[in-house]
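To keep things clear, I will list the structure first and then write my remarks on it.
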Amino acid sequence: MRSFWLKDARRVVVKIGTSALTANTRTLNKTRIEWVAEQIAEMRRRGIQTILVTSGAIGAGMGRLRLKKRPSKISELQAAASVGQSLLMKMYEEALRPYGLPAAQALLTTDDLQNRRRYVNFANALNALFNFGAVPILNENDAVATEEIRVGDNDTLSAHTAVAVGADLLILLSDTDGVFTADPRRRPDAERIPIIHEIDAETMRMADESPGGYGTQLGTGRLLTKLKAAQTAGSSGIPTALAHGGRRNSAIDILDGKDVGTFFIPKGERKTGKKRWISHALDAKGVLVADEGARKAVVERSASLLPAGVRSATGEFQTGDLVRCVGLDGVEFARGLVNYGAEEINKILGMRANEIMQTLGYHYADEAIHRDNLVLVENG
(Lines give C-alpha, C1' and ligand atoms only; values in the text may rest on other atoms or scores of the structure.)
Protein backbone atom coordinates (compact mmCIF):
# COMPACT_ATOMS: atom_id res chain seq x y z
CA MET A 1 0.00 0.00 0.00
CA ARG A 2 2.72 2.49 0.97
CA SER A 3 4.93 1.60 -1.97
CA PHE A 4 2.21 2.63 -4.44
CA TRP A 5 2.30 6.20 -3.12
CA LEU A 6 6.06 6.38 -2.59
CA LYS A 7 7.52 4.87 -5.75
CA ASP A 8 7.41 8.11 -7.77
CA ALA A 9 8.07 10.61 -4.96
CA ARG A 10 10.36 13.33 -6.31
CA ARG A 11 9.43 16.26 -4.09
CA VAL A 12 9.01 15.85 -0.32
CA VAL A 13 8.17 18.26 2.48
CA VAL A 14 9.59 17.24 5.86
CA LYS A 15 8.37 18.94 9.02
CA ILE A 16 10.17 18.40 12.32
CA GLY A 17 8.79 19.60 15.63
CA THR A 18 10.37 21.36 18.58
CA SER A 19 10.13 18.32 20.84
CA ALA A 20 11.95 16.15 18.29
CA LEU A 21 14.73 18.73 17.86
CA THR A 22 15.23 19.40 21.55
CA ALA A 23 14.50 15.93 22.94
CA ASN A 24 11.94 17.71 25.16
CA THR A 25 14.55 20.01 26.70
CA ARG A 26 15.04 23.74 26.16
CA THR A 27 18.23 23.22 24.15
CA LEU A 28 18.60 22.28 20.50
CA ASN A 29 20.00 18.77 20.15
CA LYS A 30 22.93 18.96 17.74
CA THR A 31 22.89 15.22 17.04
CA ARG A 32 19.26 15.26 15.98
CA ILE A 33 19.82 18.21 13.66
CA GLU A 34 22.72 16.29 12.14
CA TRP A 35 20.38 13.33 11.62
CA VAL A 36 17.98 15.60 9.75
CA ALA A 37 20.81 16.90 7.53
CA GLU A 38 22.02 13.37 6.88
CA GLN A 39 18.57 12.30 5.69
CA ILE A 40 18.13 15.37 3.49
CA ALA A 41 21.49 14.62 1.88
CA GLU A 42 20.38 11.04 1.23
CA MET A 43 17.16 12.26 -0.37
CA ARG A 44 19.14 14.62 -2.56
CA ARG A 45 21.38 11.70 -3.57
CA ARG A 46 18.24 9.84 -4.65
CA GLY A 47 17.11 12.78 -6.75
CA ILE A 48 14.39 13.88 -4.31
CA GLN A 49 13.86 17.60 -3.77
CA THR A 50 13.36 18.23 -0.05
CA ILE A 51 11.81 21.19 1.72
CA LEU A 52 12.35 21.31 5.47
CA VAL A 53 9.75 23.00 7.67
CA THR A 54 11.33 23.32 11.08
CA SER A 55 10.13 24.30 14.49
CA GLY A 56 12.57 24.96 17.31
CA ALA A 57 13.24 28.71 17.14
CA ILE A 58 11.11 29.53 20.17
CA GLY A 59 12.39 26.49 22.06
CA ALA A 60 16.00 27.47 21.32
CA GLY A 61 15.30 31.05 22.32
CA MET A 62 13.77 29.91 25.58
CA GLY A 63 16.96 28.06 26.42
CA ARG A 64 19.18 31.00 25.49
CA LEU A 65 17.03 33.40 27.52
CA ARG A 66 16.85 30.90 30.40
CA LEU A 67 13.06 30.78 30.40
CA LYS A 68 11.66 27.91 32.45
CA LYS A 69 8.37 27.62 30.58
CA ARG A 70 6.93 28.61 27.20
CA PRO A 71 5.73 32.26 27.26
CA SER A 72 2.03 32.94 26.80
CA LYS A 73 2.33 36.55 25.60
CA ILE A 74 2.79 37.07 21.85
CA SER A 75 5.49 39.70 22.47
CA GLU A 76 7.51 37.27 24.60
CA LEU A 77 7.12 34.50 22.03
CA GLN A 78 8.34 36.94 19.38
CA ALA A 79 11.37 37.77 21.52
CA ALA A 80 12.21 34.10 22.06
CA ALA A 81 11.83 33.41 18.32
CA SER A 82 14.12 36.33 17.44
CA VAL A 83 16.85 34.97 19.67
CA GLY A 84 16.37 31.34 18.72
CA GLN A 85 16.02 31.64 14.93
CA SER A 86 19.67 32.53 14.34
CA LEU A 87 20.80 29.69 16.61
CA LEU A 88 18.60 27.25 14.74
CA MET A 89 19.77 28.27 11.26
CA LYS A 90 23.42 28.27 12.32
CA MET A 91 23.11 24.65 13.39
CA TYR A 92 21.39 23.64 10.15
CA GLU A 93 24.02 25.43 8.07
CA GLU A 94 26.81 23.63 9.91
CA ALA A 95 25.04 20.26 9.68
CA LEU A 96 24.43 20.56 5.91
CA ARG A 97 27.87 21.94 5.02
CA PRO A 98 29.67 18.53 4.93
CA TYR A 99 27.27 17.48 2.17
CA GLY A 100 27.83 20.64 0.13
CA LEU A 101 24.22 21.77 0.64
CA PRO A 102 23.58 25.47 1.37
CA ALA A 103 20.84 26.20 3.89
CA ALA A 104 18.25 28.72 2.64
CA GLN A 105 15.97 30.31 5.22
CA ALA A 106 12.40 31.43 4.45
CA LEU A 107 10.02 32.87 7.06
CA LEU A 108 6.28 32.99 6.32
CA THR A 109 3.06 34.42 7.68
CA THR A 110 -0.55 33.74 6.75
CA ASP A 111 -0.50 36.69 4.31
CA ASP A 112 2.07 34.88 2.19
CA LEU A 113 -0.37 31.99 1.71
CA GLN A 114 -3.59 33.97 1.33
CA ASN A 115 -2.34 36.42 -1.29
CA ARG A 116 -2.32 34.76 -4.73
CA ARG A 117 0.70 36.75 -5.98
CA ARG A 118 2.79 36.01 -2.89
CA TYR A 119 1.72 32.37 -3.02
CA VAL A 120 2.97 32.03 -6.60
CA ASN A 121 6.18 33.95 -5.81
CA PHE A 122 6.77 31.66 -2.84
CA ALA A 123 6.48 28.55 -5.02
CA ASN A 124 8.73 30.10 -7.69
CA ALA A 125 11.38 31.01 -5.10
CA LEU A 126 11.47 27.42 -3.85
CA ASN A 127 11.94 26.15 -7.40
CA ALA A 128 14.85 28.56 -7.86
CA LEU A 129 16.46 27.31 -4.64
CA PHE A 130 16.25 23.75 -5.92
CA ASN A 131 17.95 24.82 -9.14
CA PHE A 132 20.79 26.29 -7.09
CA GLY A 133 21.13 23.08 -5.07
CA ALA A 134 20.08 24.75 -1.81
CA VAL A 135 17.86 23.30 0.92
CA PRO A 136 14.82 25.49 1.63
CA ILE A 137 14.30 25.69 5.40
CA LEU A 138 10.94 27.20 6.33
CA ASN A 139 9.48 28.43 9.57
CA GLU A 140 6.53 30.55 10.57
CA ASN A 141 7.72 34.12 11.05
CA ASP A 142 7.12 34.09 14.81
CA ALA A 143 9.27 37.17 15.33
CA VAL A 144 6.65 39.40 13.66
CA ALA A 145 3.53 37.20 13.83
CA THR A 146 0.44 38.26 15.76
CA GLU A 147 -2.73 36.33 16.52
CA GLU A 148 -4.29 37.73 13.36
CA ILE A 149 -1.58 36.63 10.93
CA ARG A 150 -0.21 33.44 12.47
CA VAL A 151 -0.48 30.32 10.33
CA GLY A 152 -1.01 28.68 13.71
CA ASP A 153 1.65 26.00 13.86
CA ASN A 154 4.24 24.43 11.63
CA ASP A 155 2.12 21.34 10.99
CA THR A 156 -0.35 23.62 9.21
CA LEU A 157 2.46 25.50 7.49
CA SER A 158 4.02 22.27 6.22
CA ALA A 159 0.71 21.08 4.78
CA HIS A 160 0.07 24.33 2.94
CA THR A 161 3.67 24.30 1.72
CA ALA A 162 3.20 20.77 0.37
CA VAL A 163 0.08 21.93 -1.45
CA ALA A 164 1.76 25.09 -2.76
CA VAL A 165 4.71 23.28 -4.33
CA GLY A 166 2.81 20.19 -5.48
CA ALA A 167 4.75 17.83 -3.21
CA ASP A 168 4.49 14.06 -3.60
CA LEU A 169 4.72 13.39 0.14
CA LEU A 170 4.46 15.21 3.48
CA ILE A 171 6.46 13.76 6.38
CA LEU A 172 5.67 14.94 9.92
CA LEU A 173 8.41 14.11 12.43
CA SER A 174 7.33 14.53 16.04
CA ASP A 175 7.76 12.92 19.45
CA THR A 176 5.21 10.19 18.76
CA ASP A 177 5.54 6.94 16.82
CA GLY A 178 2.32 7.69 14.96
CA VAL A 179 -1.39 7.57 15.70
CA PHE A 180 -2.48 5.07 18.34
CA THR A 181 -5.79 3.56 19.37
CA ALA A 182 -5.40 5.51 22.65
CA ASP A 183 -2.85 7.80 24.28
CA PRO A 184 0.20 5.49 24.60
CA ARG A 185 1.52 7.50 27.55
CA ARG A 186 -1.53 6.56 29.60
CA ARG A 187 -2.50 3.25 28.01
CA PRO A 188 0.34 0.71 27.64
CA ASP A 189 -1.99 -1.49 25.59
CA ALA A 190 -2.51 1.24 22.96
CA GLU A 191 -1.69 -0.01 19.47
CA ARG A 192 -0.11 1.96 16.65
CA ILE A 193 -2.30 2.40 13.57
CA PRO A 194 0.00 1.74 10.56
CA ILE A 195 -2.30 3.10 7.83
CA ILE A 196 -5.27 5.46 7.95
CA HIS A 197 -7.45 5.52 4.85
CA GLU A 198 -9.77 8.24 6.10
CA ILE A 199 -9.52 10.70 8.97
CA ASP A 200 -13.04 10.38 10.31
CA ALA A 201 -14.83 12.13 13.16
CA GLU A 202 -13.89 9.40 15.64
CA THR A 203 -10.19 9.76 14.85
CA MET A 204 -10.40 13.53 15.29
CA ARG A 205 -12.33 13.16 18.54
CA MET A 206 -9.76 10.75 19.95
CA ALA A 207 -6.92 13.12 19.08
CA ASP A 208 -8.71 16.12 20.54
CA GLU A 209 -9.55 14.39 23.80
CA SER A 210 -6.10 12.94 24.46
CA PRO A 211 -4.48 14.84 27.33
CA GLY A 212 -2.11 17.22 25.58
CA GLY A 213 -3.04 15.52 22.32
CA TYR A 214 0.33 13.72 22.43
CA GLY A 215 1.80 17.24 22.48
CA THR A 216 4.51 18.70 24.69
CA GLN A 217 4.96 21.90 26.66
CA LEU A 218 7.69 23.17 24.33
CA GLY A 219 5.80 22.92 21.04
CA THR A 220 2.34 23.83 19.75
CA GLY A 221 1.74 20.86 17.47
CA ARG A 222 -0.77 18.56 19.14
CA LEU A 223 -1.90 15.36 17.44
CA LEU A 224 -5.05 17.12 16.29
CA THR A 225 -3.04 19.65 14.25
CA LYS A 226 -1.16 16.79 12.60
CA LEU A 227 -4.39 15.10 11.57
CA LYS A 228 -5.68 18.38 10.15
CA ALA A 229 -2.40 18.80 8.26
CA ALA A 230 -2.81 15.30 6.81
CA GLN A 231 -6.37 16.23 5.76
CA THR A 232 -5.17 19.38 4.04
CA ALA A 233 -2.43 17.56 2.14
CA GLY A 234 -4.68 14.58 1.41
CA SER A 235 -7.42 16.70 -0.11
CA SER A 236 -4.88 17.70 -2.78
CA GLY A 237 -3.83 14.11 -3.40
CA ILE A 238 -0.70 14.25 -1.22
CA PRO A 239 -0.04 11.37 1.22
CA THR A 240 1.24 12.13 4.71
CA ALA A 241 3.41 10.09 7.09
CA LEU A 242 3.70 10.72 10.84
CA ALA A 243 6.68 9.23 12.66
CA HIS A 244 9.10 9.80 15.52
CA GLY A 245 11.73 12.45 14.80
CA GLY A 246 14.03 11.23 17.54
CA ARG A 247 15.17 8.27 15.45
CA ARG A 248 18.07 8.60 13.09
CA ASN A 249 16.47 7.41 9.85
CA SER A 250 12.74 7.96 10.29
CA ALA A 251 12.25 9.93 7.05
CA ILE A 252 14.35 7.52 4.98
CA ASP A 253 12.55 4.52 6.49
CA ILE A 254 9.26 6.09 5.41
CA LEU A 255 10.53 6.61 1.86
CA ASP A 256 11.75 3.01 1.82
CA GLY A 257 8.22 1.85 2.61
CA LYS A 258 9.05 0.42 6.03
CA ASP A 259 6.31 -0.09 8.60
CA VAL A 260 7.08 2.92 10.77
CA GLY A 261 4.71 5.55 12.10
CA THR A 262 1.29 6.11 10.54
CA PHE A 263 0.71 6.58 6.81
CA PHE A 264 -2.31 8.61 5.65
CA ILE A 265 -3.78 7.69 2.27
CA PRO A 266 -4.83 10.86 0.38
CA LYS A 267 -8.51 11.31 -0.39
CA GLY A 268 -8.48 14.01 -3.05
CA GLU A 269 -7.14 14.25 -6.58
CA ARG A 270 -4.05 16.14 -7.66
CA LYS A 271 -4.88 19.71 -8.67
CA THR A 272 -3.25 22.39 -10.79
CA GLY A 273 -1.35 25.17 -9.02
CA LYS A 274 -4.23 27.66 -9.15
CA LYS A 275 -6.80 25.15 -7.95
CA ARG A 276 -4.49 24.06 -5.14
CA TRP A 277 -4.41 27.67 -3.96
CA ILE A 278 -8.18 28.06 -4.26
CA SER A 279 -8.66 24.90 -2.17
CA HIS A 280 -6.36 25.96 0.62
CA ALA A 281 -6.20 29.75 0.75
CA LEU A 282 -6.99 30.50 4.36
CA ASP A 283 -9.52 33.31 4.10
CA ALA A 284 -12.50 33.66 1.76
CA LYS A 285 -13.78 37.22 1.32
CA GLY A 286 -17.46 36.42 0.96
CA VAL A 287 -20.25 33.88 0.46
CA LEU A 288 -22.50 33.17 -2.51
CA VAL A 289 -25.74 31.27 -1.79
CA ALA A 290 -26.77 29.13 -4.78
CA ASP A 291 -30.09 27.47 -5.48
CA GLU A 292 -30.33 23.69 -5.74
CA GLY A 293 -30.18 23.63 -9.54
CA ALA A 294 -26.97 25.67 -9.60
CA ARG A 295 -25.42 23.58 -6.83
CA LYS A 296 -26.13 20.34 -8.71
CA ALA A 297 -24.76 21.77 -11.96
CA VAL A 298 -21.47 22.66 -10.26
CA VAL A 299 -21.13 19.47 -8.20
CA GLU A 300 -22.45 16.89 -10.67
CA ARG A 301 -21.57 18.37 -14.06
CA SER A 302 -18.51 20.51 -13.22
CA ALA A 303 -20.38 23.53 -14.58
CA SER A 304 -19.66 27.19 -13.91
CA LEU A 305 -21.71 29.05 -11.31
CA LEU A 306 -23.99 31.48 -13.16
CA PRO A 307 -25.62 34.62 -11.73
CA ALA A 308 -28.98 33.05 -12.59
CA GLY A 309 -28.41 30.44 -9.90
CA VAL A 310 -27.18 32.79 -7.17
CA ARG A 311 -29.77 33.76 -4.55
CA SER A 312 -27.69 36.11 -2.38
CA ALA A 313 -24.17 37.38 -1.75
CA THR A 314 -22.59 38.53 1.50
CA GLY A 315 -19.17 39.92 2.36
CA GLU A 316 -16.94 42.65 0.98
CA PHE A 317 -15.23 41.14 -2.04
CA GLN A 318 -13.94 42.46 -5.34
CA THR A 319 -13.43 40.91 -8.76
CA GLY A 320 -10.91 38.07 -8.49
CA ASP A 321 -11.38 37.50 -4.73
CA LEU A 322 -11.91 34.08 -3.23
CA VAL A 323 -15.48 33.33 -2.10
CA ARG A 324 -17.30 30.35 -0.60
CA CYS A 325 -20.27 28.81 -2.41
CA VAL A 326 -22.99 27.37 -0.21
CA GLY A 327 -26.34 25.76 -0.90
CA LEU A 328 -29.71 26.82 0.48
CA ASP A 329 -28.94 24.63 3.51
CA GLY A 330 -25.82 26.70 4.27
CA VAL A 331 -23.41 23.83 3.52
CA GLU A 332 -20.35 24.82 1.50
CA PHE A 333 -20.00 22.84 -1.72
CA ALA A 334 -17.33 24.83 -3.59
CA ARG A 335 -15.10 27.87 -3.51
CA GLY A 336 -13.71 29.95 -6.30
CA LEU A 337 -12.50 33.25 -7.73
CA VAL A 338 -15.45 35.51 -8.47
CA ASN A 339 -15.82 37.50 -11.70
CA TYR A 340 -17.78 40.35 -10.12
CA GLY A 341 -17.57 42.26 -6.85
CA ALA A 342 -20.19 41.99 -4.09
CA GLU A 343 -22.09 45.11 -5.14
CA GLU A 344 -22.24 43.91 -8.76
CA ILE A 345 -23.29 40.38 -7.86
CA ASN A 346 -26.17 41.69 -5.78
CA LYS A 347 -27.39 43.68 -8.78
CA ILE A 348 -27.39 40.71 -11.15
CA LEU A 349 -28.75 37.99 -8.87
CA GLY A 350 -30.91 35.54 -10.80
CA MET A 351 -30.11 37.14 -14.15
CA ARG A 352 -29.18 35.43 -17.38
CA ALA A 353 -26.03 36.36 -19.30
CA ASN A 354 -27.85 38.61 -21.78
CA GLU A 355 -29.26 40.70 -18.90
CA ILE A 356 -25.92 41.54 -17.27
CA MET A 357 -24.96 44.22 -19.80
CA GLN A 358 -28.37 45.87 -19.57
CA THR A 359 -28.15 46.05 -15.77
CA LEU A 360 -24.49 46.97 -15.17
CA GLY A 361 -23.69 48.77 -18.41
CA TYR A 362 -20.68 46.49 -18.88
CA HIS A 363 -20.02 42.76 -19.05
CA TYR A 364 -16.94 41.02 -17.59
CA ALA A 365 -18.13 37.44 -18.02
CA ASP A 366 -21.25 35.31 -18.31
CA GLU A 367 -20.38 33.46 -15.11
CA ALA A 368 -20.32 34.53 -11.49
CA ILE A 369 -17.46 32.02 -11.15
CA HIS A 370 -16.02 30.16 -14.14
CA ARG A 371 -15.56 26.41 -13.72
CA ASP A 372 -11.79 26.77 -14.24
CA ASN A 373 -11.72 28.89 -11.09
CA LEU A 374 -14.02 26.63 -9.03
CA VAL A 375 -12.96 23.86 -6.68
CA LEU A 376 -15.37 21.46 -4.96
CA VAL A 377 -14.99 21.07 -1.22
CA GLU A 378 -15.07 17.76 0.61
CA ASN A 379 -18.47 18.14 2.25
CA GLY A 380 -20.20 19.28 -0.92
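The values are calculated or read from the model by the stated rules, or taken from the named source; none is laboratory data. Owing to the predicted nature of the structure, the values given are computational and were not obtained by experimental measurement. All Cβ positions, glycine included, derive from the backbone under ideal geometry; neighbour counts span all protein chains shown. These accessible areas exclude ligands, DNA and RNA; they are computed on the full protein's heavy atoms, side chains included. Shrake-Rupley method; radii C 1.70, N 1.55, O 1.52, S 1.80 Å.
Taken as a whole, the structure places Leu173 among residues that are modelled with pLDDT of 90 or more and among the hydrophobic types (A, V, I, L, M, F, W, C).
Conditions (1) farther than 20 Å from Gly245 by Cα; (2) touching a Lys or Arg at 6+ places or on another chain (Cβ under 9 Å), marked per residue:
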{"residue": "Leu6", "(1), (2)": "no, no"}
{"residue": "Gly59", "(1), (2)": "no, yes"}
{"residue": "Ala80", "(1), (2)": "yes, yes"}
{"residue": "Met91", "(1), (2)": "no, yes"}
{"residue": "Leu101", "(1), (2)": "yes, yes"}
{"residue": "Gln105", "(1), (2)": "yes, no"}
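Here the condition is being of a type outside the set (A, V, I, L, M, F, W, C) and within 18 Å of Arg276 (Cα to Cα); of Gly361, Gly336, Gly293, it holds for Gly336 alone. Hey, any hits in segment 224-239 for a residue that's of a type in the set (Gly, Ala, Ser) and over 16 Å from Val165 (Cα atoms)? No, segment 224-239 contains no residue that is of a type in the set (Gly, Ala, Ser) and over 16 Å from Val165 (Cα atoms). Among helices (runs of 4 or more DSSP H) entirely within segment 1-116, having at least 2 residues that are modelled with pLDDT of 95 or more and open to solvent by less than 60 Å² (accessible area, probe 1.4 Å) singles out 30-45, 74-96.
Do we have Thr203 as part of a loop (DSSP other than H, G, I, E, B), hydroxyl-bearing (Ser, Thr, Tyr) and open to solvent by less than 70 Å² (accessible area, probe 1.4 Å) here?
Against the criterion (part of a loop (DSSP other than H, G, I, E, B), hydroxyl-bearing (Ser, Thr, Tyr) and open to solvent by less than 70 Å² (accessible area, probe 1.4 Å)), Thr203 does not qualify.
Taking every residue in segment 66-84 that is of a type in the set (A, V, I, L, M) and pairing it with any residue that is open to solvent by 50 Å² or more (accessible area, probe 1.4 Å) and part of a helix (DSSP H, G or I), at least 6 positions away or on another chain, the pairs with Cβ-Cβ distances below 6 Å are Val83/Arg64.
Selection of segment 120-164 for residues being surrounded by 22 or more Cβ atoms within 10 Å (Cβ to Cβ), modelled with pLDDT under 85 and part of a helix (DSSP H, G or I) yields only Ala164. Taken over segment 299-327, the residue count meeting the criterion of being of a type in the set (Val, Ile, Thr), open to solvent by 50 Å² or more (accessible area, probe 1.4 Å) and in contact (Cβ under 8 Å) with a residue 40 or more places away in the chain is 1. Residues of segment 328-375 that are closer than 14 Å to Ala294 by Cα and surrounded by 20 or more Cβ atoms within 10 Å (Cβ to Cβ): Phe333, Ala334, Arg335, Glu367, Ala368, Ile369, Leu374. Of the conditions (1) surrounded by 14 or more Cβ atoms within 10 Å (Cβ to Cβ); (2) closer than 17 Å to Ile238 by Cα, Glu198 satisfies every one except a single condition; which number is it? It fails just one condition, (1).
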